[in-house]
1. Could you list, in sequence order, the residues of segment B:115-136 that are over 18 Å from the mean Cα position of the chain (by Cα) and open to solvent by 30 Å² or more (accessible area, probe 1.4 Å)?
2. Have a look at B:T191, B:T113, B:T141, B:T163 and point out the one that is of a type in the set (S, T, Y), touching a residue at least 24 places away in the same chain (Cβ under 8 Å) and facing chain A (nearest Cβ under 9 Å).
3. I'm checking my understanding of the structure. Among residues of segment A:122-177 that are open to solvent by less than 20 Å² (accessible area, probe 1.4 Å) and of a type in the set (F, W, Y), which one is farthest from the other protein chains (Cβ to nearest Cβ)?
4. For segment A:68-121, which residues satisfy the criterion of being open to solvent by 50 Å² or more (accessible area, probe 1.4 Å) and over 18 Å from A:V140 (Cα atoms)?
5. I need the full set of residues from segment A:222-238 which are among the aliphatic types (A, V, I, L, M) and over 13 Å from A:P267 (Cα atoms), in order please.
6. Inside segment A:198-217, can you point out the residues that are open to solvent by 20 Å² or more (accessible area, probe 1.4 Å) and without any contact (Cβ under 8 Å) to a residue 40 or more places away in the chain?
7. Which of the residues that make up segment A:37-67 are at pLDDT 95 or above and crowded, with 17+ Cβ neighbours inside 10 Å?
8. Taking segment B:139-165, which residues are part of a loop (DSSP other than H, G, I, E, B) and either in contact with a helix residue (DSSP H, G or I) (Cβ under 7 Å, 6 or more places away or on another chain) or open to solvent by 50 Å² or more (accessible area, probe 1.4 Å) (or both)?
Amino acid sequence: MNRSIVLATALTVAWSMPVAAQTKDANAEFEKFRAEMEESNPAELFELKGEELWKAKRGPKNISLAESCDLGQGVGKVEGAYVRAPRYFADADAVMDIERRIVWCMTEKQGFKFEDIAKKPFQGANDNNAPDITNLVTYVASGSKNMKFDMPLHDAKVRDAFETGKAMAAYRAGPYDFSCNTCHGADGKRIRMQNLPNLSTPEGALRGVLGWPGYRMTGGVMLTSQWRMNDCFRQQRFPEPKYASQAVTNLIAYMTGNANGQMYKGPGIKR
Amino acid sequence: MKNYIATISGAAAVAVLLAGCAGGPSRSEAEYRQMALDTIKRDFQTKGQAKYERLTADEVQQACNAHANNPPPELAAKLAGAQLATVKLPADGKYLGDWKEGEKIAQSGRGFTWSDKATDPAGGNCYNCHQVGPNESSFGTVGPSLLGYGKTRGNSPEMQKYTYSKIYNAKAFNLCSEMPRFGHAGALNETQIKHLVALLLDPASPVNK
């Protein structure tokens, strides 16, 4: 069946139920549908584009990432890189998540300007195409499909990023006094119908990192963990975290560290 | 005695070694809090109406941040008292507005994000976190259910004043409450809060049916 018809049918089923017909049923319906969709996840299209970009000679220095970029597993090696990040990169003297690391490679190795990448790092609802960086992240993430999260938390610098991220998640400020933990610090909470993972637990943290990068059916866009963090702060009524900054890496490290040892299923699909 | 000391230092060495291997946190919680704050101040920027200045915690937020939302009772009481003093009660002494308007305000989750227009009125965000009326099944659970709020508490002038004040500044009653200070923050004005008080307390409101 045509994918968009499947989508439309499932959404109609999920949303045409009487309002009183329980949140749980709607969520279960959606989860079932999402599991079916994952069999033929549109994220694969972005993976393919990302692979082309990874292997192509690009940028002012006309070099490919495949022959210049070390994601922590050796130059050009993609397998397992996503589940073993954030990690410390000595050449950059920084702990980086995968997206931040690829941006670093694009600027340092290929000669792209950071400002040009950061100008529009996420796919908007009206954009036909995802930015190159999103495709690249999706490709790299696909190289960790069905591997366990194994962020090197024993590394003191990674541990610092994790602990700083944990403290950031507890920081309350802004007009509504919100922190990340206001919504994500306890079990069994919801905003409206949306279930909120408790990021301090292994199960909750896994839900925080699983399925990213993900194809979002609302708007039909491909989005990364960097985007997810950005949009959380929007809803938290905070100012914006700078793209590919240490702040975002720390939060991703906090979640990934708590999810360590559990299976990553690869690029996912989101509501 | 010598053996005892040797055992202790040996155990300490093992502990240090283990800590090194396990890669536990190498700094205190206070140090990480400071590093978190430094990172936030360096890595965030103004976007739309969400100005950089929002990152600075006020004295209530600071106390809650420094004590994991559980400040010493004396400090909490002092700061909560100061918050209560910020509550501007209605000049006309009336607290009950129109519950139907209150329901609309309770439904709206708009306001204060960088994608909201600063000139648009903010919503009450009530259903985001609370069950309120019986006809809305899409409600959050971050806060307690408010269904039957007035039925169980009555509609006395004291209860009206308390409910108004609680919405105006929740921190006056529980310093590190997760609930925003809607009046204090300038999110909801006097009229809007009165409508919400009516939604919760008016015997005619569906909340109390």
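The values are calculated or read from the model by the stated rules, or taken from the named source; none is laboratory data. Since we're looking at a predicted model, the values are computed, not measured. Cβ coordinates were reconstructed from backbone atoms using ideal geometry, including for glycine residues, and neighbour counts include every protein chain displayed. For the accessible areas, the whole protein counts, side chains as well, though only heavy atoms, and no ligand, DNA or RNA atoms are used. Shrake-Rupley method; radii C 1.70, N 1.55, O 1.52, S 1.80 Å.
1. B:S115, B:D116, B:K117, B:A118, B:T119, B:D120, B:P121, B:P134, B:N135, B:E136
2. After ruling out the rest, the residue left standing is B:T113.
3. By that ranking, first place goes to A:F149.
4. Selection gives A:A90, A:D91, A:D93, A:E108, A:F112, A:K113, A:F114, A:E115, A:D116, A:K119, A:K120.
5. A:M229, the sole residue that qualifies.
6. A:E203, A:R207
7. Those that are at pLDDT 95 or above and crowded, with 17+ Cβ neighbours inside 10 Å: A:F46, A:E47, A:K49, A:G50, A:E51, A:L53, A:W54, A:R58, A:G59, A:I63, A:S64, A:L65.
8. Correct list: B:F139, B:G140, B:V142, B:G143, B:P144, B:S145, B:L146, B:L147, B:G148, B:N155.
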